[in-house]
Amino acid sequence: MRPDLSRRSFLKWSAVVGAGAAIGGVAATQGGLIEGTASAAGTPAPVKVVPQQCTVNCGGYSCALQLHVQDDTIVRVDTDQMDRPGFPAMRGCLRGRATRQFVYNPDRLKQPMKRVGKRGEGKFEPITWDEAYTLIATNLDRIIKKHGNQAVYVQYASGTDGTTRTPVTRLLNMMGGYLNYYGTYSSACYNWAGPYTFGKLESNSGDDLVNSKLVVLFANNSAETQPGGGNEFYWQMQAKKAGAKVIVIDPRLSDTSKALADEWIPIRPTTDNALMDAMAYVMLTENLHDQAFLDKYTIGFDEKTLPAGAPANSSYRSYVMGLADGVKKTPEWAEKITGVPRNTIIRLAREIATTKPCALIQNLGWQRHAYGEQPVRGLPVLAAMTGNIGKSGGGPGLRDGRKNAPSISLPAGTNPVKASISVFQWHEAIERGTELRPVDGLLNAPKLDSNIKFIWNYGGNTLINQHSDTGRTHKVLADESLCEFIVVHDVMMTPSARYADVLLPDATSYERLHLGRGSTNVQGDRFYLGVPAITPLHDIKTNYEVCSGVAEKLGIGPKFTEGKTWEQWLKEAVSGVAAKTPGFPTWEQMLKDPIYRGTSTKPVIAYEAFIKDPEKNKLATPSGKIEIYSAAIAKLAQERGNAKELPAIPKYVPAWEGPNADPALLEKYPLQLLGHHTKRRVHSTHDNNKWMEEVEQQAITLNELDAAERGIKDGDMVKVWNDRGTIHVVCRVAKGIMPGVADLPQGAWFTPNKDGVDIRGNINTITKYHPTPGAKGNPQHTNLVQVAKL
């Protein structure tokens with residue numbers, strides 16, 4: 001599968017990855033054989049520093065890198081070190097600093113290929129770009145004519161920055177459109193549930209944390225997920241330095257806990273709402289809540305503020321006090337569910353209620369559970385009960401907020417297809433798309449006219465690696481009578497790439513021109529221009545080049561390009577933003593300084609205007625207030641017939657694979673398994689990076705008590721399994737994880753052996769395809785397993 005390489009390219013690549021590669025017995029070292037690194041007189045070639053950005057999806061998309069380039073080769077990676085007033089340096093983390101191992105990785109795709117074996121086998125043969133364009137165009141045209149445009153799907157992907165993905169949707173819109181999706185694998189439940197409470201999601205910006213007296217982090221591990229230029233962790237550190245007490249609630253002793261926490265409170269996965277309900281009980285029974293705030297700004301906390309038509313005893317207070325179901329949500333009740341001692345619950349409730357201001361901050365881990373909608377709406381209730389919403393140093397109980405840089409957009413056109421499925425339901429739409437109905441989560445259409453027959457997968461590994469239940473997904477993708485054609489365009493031979501019918505090599509961000517907007521969750525969002533640092537390696541083409549080539553084959557080439565180069569499109573985009581944004585730089589100015597930073601240095605206080613004047617500044621909810629009881633959710637649950645799973649108020653709902661699962665299932669699979677975001681990867685990106693493997697070996701972590709019960713020692717190889725699959729992986733034994741809980745970091749590349757056993761440690765081998773009831777999102781932290789020594 002390796003194409004012929006020029007001597008120059010081969011020697012250059014070998015020197016960077018490992019200076020010992022030999023050709024004919026002569027070592028290819030950076031100082032000698034690489035053409036151009038030394039003049040005849042032995043003078044080294046000059047080194048230029050090219051500003052660039054790390055564009056993989058940690059949530060930041062924008063850490064600043066300084067690439068040292070010598071003889072068209074990246075020889076060193078530095079990062080931004082300049083702190084500016086209100087804008088900390090966009091420091092790259094260890095993943096960004098390992099960029100050379102990404103660019104010059106031996107898994108790079110090097111030329112276009114077509115499949116010659118079964119899907120998933122990874123057997124391909126080289127083809128020309130013209131052949132690739134013809135195959136894609138012919139199959140796209142055939143499938144649209146036979147099945148209609150709803151049969152075409154653009155796979156969710158986040159492996160590269162946003163503007164480079166636009167050409168695919170532009171091309172397909174010109175062909176009549178494609179099946180939409182809503183939500184993301186990262187935040188499906190958060191973005192679905194939060195607006196039912198607030199209408200529009202806002203949060204205090206990260207720089208406001210320095211005004212907090214108490215910071216309580218739920219499902220928040222920014223030290224690993226965004227340790228660099230995202231700056232979330234930076235502001236948490238500044239709050240700590242300013243004197244705030246930090247409490248972290250997490251099943252595992254995360255890096256954030258180790259670095260910041262004055263107290264770590266371990267909890268069983270899927271049970272956070274029980275903890276919050278019990279804290280609310282303490283606040284109510286000890287009269288620690290802010291009743292005046294609740295009366296003025298919320299509906300549904302008490303019976304007196306329930307909306308018209310709501311059943312009696314359906315308020316949050318009635319639920320907590322047991323008036324609805326006869327069960328008081330006491331600390332004793334919660335202790336049995338969560339594993340958090342009752343006295344800890346009481347003390348935590350009192351501390352949150354009496355320390356002002358208090359910032360209650362969630363992140364996304366807990367909403368990737370069976371009923372992930374519930375904790376998203378639950379924490380804002382505590383923020384309201386304590387009167388911290390709209391206050392400096394407080395917040396609404398959502399994620400850290402941001403200050404936005406201008407948005408960038410390229411003209412993709414309008415999609416004539418309005419039907420939309422959940423981002424998590426695509427493989428179900430391959431199997432039974434025509435059976436999906438609004439009750440299943442289908443939006444903007446009563447039904448689908450076709451199953452998915454064509455997938456375009458650009459820059460992502462969700463096709464198999466990041467999707468639940470790889471065994472089931474493999475069977476669906478391997479059946480060519482279901483999805484008839486799959487295009488994969490990526491930089492690496494990923495597990496998803498092995499399922500392509502046509503496989504195309506892409507340029508990395510460091511080999512192409514691109515624009516982006518930093519997607520940080522804190523102050524300092526930015527807009528950036530990335531220019532190529534090196535000449536593209538191998539026979540690769542960008543997404544715009546590929547889509548232009550396919551458009552030509554379809555007879556719409558001039559319409560697609562409008563006679564413009566990619567650079568011309570980007571120049572127009574910058575001019576468009578500059579026309580609407582005073583002070584925004586020109587293209588020429590961005591070439592000199594490629595990062596535009598926002599101008600506001602004052603912290604953002606979420607819902608401040610609403611709190612100051614709730615009549616004049618109503619929220620975008622039906623009532624104009626904070627909706628603890630949502631009549632809209634109640635209506636939707638009634639339509640879907642799942643009111644117990646989708647209650648109108650946030651509450652604890654026992655997970656189908658959790659501590660209150662069926663006893664027979666718990667006896668068979670007694671350990672809860674979650675998969676945190678590790679510092680050595682960004683989702684699945686960098687799993688094949690040898691430097692990152694030195695940082696942290698892929699391993700499952702067990703509490704020492706669970707390990708001793710199974711005769712497992714630190715470093716042993718173990719078998720992890722349930723009814724969905726089996727994994728063989730190294731075990732790490734530790735104190736810093738809740739007993740009864742196991743942790744296997746998500747993102748490892750799915751690597752099945754001949755028996756179908758994954759030998760790399762891919763958690764989706766054993767996760768379940770079971771969409772959440774509201775968002776129809778992914779519940780990939782809800783798993784029961786057993787572990788045994790091999």
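Using a Förster radius of 41 Å, what is the FRET efficiency between Asn287 and Met717 based on their Cβ-Cβ separation? Nearest 0.05, please.
For Asn287 and Met717, the calculated efficiency is 0.15.
Accessible area per residue for the stretch 663-789 in Å², computed with a 1.4 Å probe and the full protein assembly in place, what is it?
Accessible surface, normalised per residue, equals 36 Å².
For the chain, what does the helix formula give at 222 nm: sum of -39500 (n - 2.57) over DSSP H segments with n ≥ 4, over the residue count, nearest 500 deg cm²/dmol? Please report the intermediate quantities before stating the final value.
Working: 26 runs with 225 residues, N = 790.
After summing the helix terms and dividing by residue count, I get -8000 deg cm²/dmol.
Taking amide H positions as placed 1.01 Å from N in the peptide plane, with prolines and chain starts having none, which residues 5 or more places from Ile737, or on another chain, fall under 5 Å of its amide H?
Leu253
Extension gain Glu351-Thr601, at 0.36 nm per residue separation less the Cα-Cα distance, in nm?
So the extension gain works out to 86.9 nm.
Can you list residues whose amide H is under 5 Å from Gln53's amide H, if they're 5+ apart or on another chain and H is modeled 1.01 Å from N?
So Gln53 has HN proximity to Leu65.
Evaluate the distance, in nm, between pseudo-label points positioned 7 Å from the Cα of Lys328 and of Arg432 along their respective Cα→Cβ axes.
4.5
Provide the FRET efficiency to the nearest 0.05 for the Asp539-Lys668 pair, computing r from the beta carbons and using R0 = 41 Å.
E(calc), rounded to 0.05, equals 0.20.
Calculate one ³J(HN,Hα) per residue across the stretch 72-79 by plugging θ = phi - 60° into the Karplus curve 6.51 cos²θ - 1.76 cosθ + 1.60, and present them in order as whole Hz with x for glycine and proline.
6, 9, 6, 10, 7, 10, 10, 8
May I ask you to list the aspartates and glutamates whose Cα is less than 15 Å away from that of Lys110, ignoring any residue fewer than eight positions away on the same chain?
Straight-line reach from Lys110, under 15 Å: Asp4, Glu125, Asp490, Asp506, Glu511, Asp539.
Could you work out how far the C-alpha centroid of the stretch 326-371 sits from that of the stretch 574-606, in angstrom?
Going from one Cα centre to the other spans 41 Å.
Quick one: angle between helix 7-17 and the longest Cα principal axis of the chain, in degrees between 0 and 90, rounded to 10, please.
Approximately 30 degrees, to the nearest ten.
Mind giving me the nanometre distance, one decimal, between the label points for Lys616 and Gln238, set 7 Å out from Cα along Cα→Cβ?
Output for this residue pair reads 3.0 nm.
Subtract the Cα-Cα distance of Lys564 and Ala259 from 0.36 nm times their separation in residues, and report this length gain in nm to one decimal.
104.8 nm
Leaving out ligands and nucleic acids, note down the accessible area per residue over the stretch 72-117 with a 1.4 angstrom probe, in whole Å².
36
For the stretch 663-789, report the convex hull volume of the alpha-carbon atoms normalised per residue, in Å³, without decimals.
122
Can you work out the FRET efficiency for the pair Lys735 and Ala478, with r the C-beta to C-beta distance and R0 = 35 Å, to the nearest 0.05? Before the final figure, lay out each step's value.
Working: r = 43 Å, r/R0 = 1.22.
Working from the Cβ atoms, E equals 0.25.
Tell me the label-point distance for the pair Ile556, Ala643, using the 7 Å Cα-to-Cβ offset, in nm and rounded to one decimal.
With each label placed 7 Å out from Cα toward Cβ, I get 4.7 nm.
Cβ neighbours within 10 Å, averaged per peptide: list 748-761, 556-569 in order, most packed at the top. Show your work: numbers first, answer last.
Numbers: 748-761: 17.7, 556-569: 14.0.
Ranked by mean Cβ neighbours within 10 Å, highest first: 748-761, 556-569.
Show me, for the stretch 576-589, the HN-Hα J-couplings you get by feeding each phi into the Karplus relation (A = 6.51, B = -1.76, C = 1.60, θ = phi - 60°), rounded to Hz, glycine and proline as x.
With coefficients 6.51, -1.76 and 1.60, one gets x, 5, 4, 5, 9, 10, x, x, 6, x, 7, 4, 5, 5 Hz.
Got a sec? What order do Thr473, Thr225, Thr586, Thr414 fall in by accessible area at 1.4 Å, biggest, i.e. largest, first?
Descending order: Thr414, Thr586, Thr225, Thr473.
Would you give the gap between the C-alpha center of the stretch 192-225 and the C-alpha center of the stretch 76-94, rounded to a whole Å?
23
Sort all Cα-Cα distances of the chain into consecutive 10 angstrom bins from zero, then give the percent of pairs in each bin up to the one containing the longest distance.
3, 13, 23, 26, 21, 11, 3, 1, 0
How large is ³J(HN,Hα) for each residue in the stretch 122-131, as worked out from phi by the Karplus curve 6.51 cos²θ - 1.76 cosθ + 1.60 (θ = phi - 60°), to whole Hz, x for Gly and Pro?
x, 9, 9, 10, x, 9, 7, 5, 4, 5
Relative to the longest principal axis of the C-alpha atoms of the chain, give the angle of the C-alpha long axis of helix 342-354, reported between 0 and 90° and rounded to the nearest 10°.
For 342-354 against the chain, the angle is about 90 degrees.
Take the residue pairs Lys48/Lys690; Lys541/Lys564; Lys123/Lys475; Lys553/Lys592; Lys541/Lys754 and return only those whose Cα atoms are more than 28 Å apart.
As for pairs spanning more than 28 Å Cα to Cα, those are Lys553/Lys592; Lys541/Lys754.
With a 1.4 Å probe and every protein chain kept in, tell me what percent of the accessible surface of the chain is carbon plus sulfur. If you can, show how the numbers build up before the last one.
On the way: 14820 of 28520 Å².
Whole-percent figure for carbon plus sulfur exposure: 52.
The values are calculated or read from the model by the stated rules, or taken from the named source; none is laboratory data. Here the structure is a predicted model, which means the values were calculated and not measured. Every residue, glycine as well, gets a Cβ built from its backbone with ideal geometry; the counts of neighbours run over all protein chains shown. The accessibility values were calculated without ligands, DNA or RNA, using every heavy atom of the protein model including side chains. Shrake-Rupley method; radii C 1.70, N 1.55, O 1.52, S 1.80 Å.
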